[in-house]
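A.B. asks: The structure under discussion is supplied below as structure tokens; questions concerning it will follow.
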Amino acid sequence: MKQLVILLHGMGRTRFSMWSLEKHFKQQGYKVLNESYDSRTKPIEVIAEEHIGKLLQSANSDDFEAIHFVTHSLGGIMLRYYLSHHAIDKLGRIVMIAPPNQGSEVAELYRDKLWYKLATGKPGQQLYIHNNPLLEQLKPIPTDVGIMIGTKSSDPWFNHAFAGPHDGKVSVESARLPEMKDFITVDHGHTFIMNNKKVQQHIERFLQHGIFEH
């Protein structure tokens, strides 16, 4: 029986940002769902309910052995919110790429700036670090989760926002979750990390075996 991989892209992006991953998984025999969503005009809670709910409605769980998720950036927070409020039938493994799980240092520093508000919309106002009610309410993920984060800045103009290793938008430490089963850093930046072939192999290995290739 086939396995399904649902891809969730990041803020300000579309399904085309995950196209290389979609192609990779289809070549490996997976069924893939990869759809765009509006990542700016609605709060994270609303986007998560609408978009993930719609994707799961379109997928008949009886047709699949497992339903896996691969998320990039904001997509990881959306999935955590959804899983905090819903059980997913036949939920498989999850790989989060560059997720701001503890918030983003960039959002913490710039969320009051007009240019940041215009660029990131409502979700951008919800990804700060300290005393964040959205992030604090999220429950532990009820399945194997692997987290991957880059250590090469894709946005050098934000380097001053970070005290330690980061990918340009999210720090290595901020990506972590207590319940994660595996964690790996790679020499890539935030924006295009998912297009790298080695990264794609890491993701597939985790979905198959629950561990990255260290």
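The values are calculated or read from the model by the stated rules, or taken from the named source; none is laboratory data. Note that the structure is predicted; figures quoted are calculated from it, not measured. Cβ atoms come from the backbone with ideal geometry, glycine included; neighbour counts cover every protein chain shown. The area values use the complete protein model at the heavy-atom level, side chains included, leaving out ligands, DNA and RNA. Shrake-Rupley method; radii C 1.70, N 1.55, O 1.52, S 1.80 Å.
A.B. asks: Going through the stretch 116-139 one residue at a time, which ones are within 20 Å of Phe69 (Cα to Cα) and either more than 15 Å from the chain's Cα centre (by Cα) or among the aromatic types (Phe, Trp, Tyr) (or both)?
C.D. replies: Once the filter is applied, which keeps residues that are within 20 Å of Phe69 (Cα to Cα) and either more than 15 Å from the chain's Cα centre (by Cα) or among the aromatic types (Phe, Trp, Tyr) (or both), the stretch 116-139 yields only Lys139.
A.B. asks: Name the residues in the stretch 169-182 that are in contact (Cβ under 8 Å) with a residue 60 or more places away in the chain and open to solvent by less than 30 Å² (accessible area, probe 1.4 Å), would you?
C.D. replies: Of everything in the stretch 169-182, those that are in contact (Cβ under 8 Å) with a residue 60 or more places away in the chain and open to solvent by less than 30 Å² (accessible area, probe 1.4 Å) turn out to be Val170, Ser171, Ser174, Ala175, Leu177.
A.B. asks: Can you tell me which residues in the stretch 123-143 are touching a helix residue (DSSP H, G or I) at 6+ places or on another chain (Cβ under 8 Å) and open to solvent by 40 Å² or more (accessible area, probe 1.4 Å)?
C.D. replies: Gln125, Ile129, His130, Gln137, Lys139, Pro142
A.B. asks: Something else: Name the residue, out of Val199, Val186, that is hydrophobic (A, V, I, L, M, F, W, C) and under 29 Å from Ile88 (Cα atoms).
C.D. replies: Val199
A.B. asks: Tell me, which residue of the stretch 174-214 that is of a type in the set (A, V, I, L, M) and assigned to a helix (DSSP H, G or I) is nearest to Leu4 (Cα to Cα)?
C.D. replies: Among residues in the stretch 174-214 that are of a type in the set (A, V, I, L, M) and assigned to a helix (DSSP H, G or I), the one nearest to Leu4 (Cα to Cα) is Leu207.
For every residue, the table says whether it meets (1) touching a residue at least 60 places away in the same chain (Cβ under 8 Å); (2) closer than 21 Å to Leu83 by Cα; (3) not basic (Lys, Arg).
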site: Met1; (1), (2), (3): yes, no, yes
site: Leu8; (1), (2), (3): yes, yes, yes
site: Arg15; (1), (2), (3): no, no, no
site: Gly29; (1), (2), (3): no, no, yes
site: Val32; (1), (2), (3): no, yes, yes
site: Lys42; (1), (2), (3): yes, yes, no
site: Ser61; (1), (2), (3): no, yes, yes
site: Ile67; (1), (2), (3): yes, yes, yes
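A.B. asks: Right, here's the next one. I need the full set of residues from the stretch 126-142 which are out of contact with any Asp or Glu (no Cβ under 8 Å at 6 or more places or on another chain) and either over 18 Å from His72 (Cα atoms) or of a type in the set (A, V, I, L, M) (or both), in order please.
C.D. replies: Leu127, Asn131, Asn132, Pro133, Leu135, Glu136, Gln137, Leu138, Lys139, Pro142, listed by residue number.
A.B. asks: What number of residues within the stretch 52-75 are of a type outside the set (A, V, I, L, M) and surrounded by fewer than 22 Cβ atoms within 10 Å (Cβ to Cβ)?
C.D. replies: 10
A.B. asks: Here is a further query. Scanning the stretch 1-32 for residues that are in a loop (DSSP other than H, G, I, E, B) and crowded, with 20+ Cβ neighbours inside 10 Å, which turns out modelled with the highest pLDDT?
C.D. replies: Per the criteria, the residue is His9.
A.B. asks: Something else about it: Would you confirm whether or not the stretch 33-44 contains a residue that is closer than 21 Å to Leu177 by Cβ, at pLDDT below 95 and open to solvent by 40 Å² or more (accessible area, probe 1.4 Å)?
C.D. replies: No.
A.B. asks: Could you please give the count of residues in the stretch 74-118 that are under 22 Å from Leu4 (Cβ atoms) and in contact with a strand residue (DSSP E or B) (Cβ under 7 Å, 6 or more places away or on another chain)?
C.D. replies: Counting residues in the stretch 74-118 that are under 22 Å from Leu4 (Cβ atoms) and in contact with a strand residue (DSSP E or B) (Cβ under 7 Å, 6 or more places away or on another chain) gives 14.
A.B. asks: Could you check the stretch 82-100 and list, in sequence order, the residues that are surrounded by 24 or more Cβ atoms within 10 Å (Cβ to Cβ), out of contact with any Phe, Trp or Tyr (no Cβ under 9 Å at 6 or more places or on another chain) and either farther than 21 Å from His209 by Cβ or of a type outside the set (Val, Ile, Thr) (or both)?
C.D. replies: Scanning the stretch 82-100 gives Ala98, Pro99, Pro100.
A.B. asks: If you don't mind, there's one more thing I want to ask. Would you mind stating whether Thr185 is open to solvent by less than 40 Å² (accessible area, probe 1.4 Å) and either over 23 Å from Ile141 (Cβ atoms) or at pLDDT 90 or above (or both)?
C.D. replies: no
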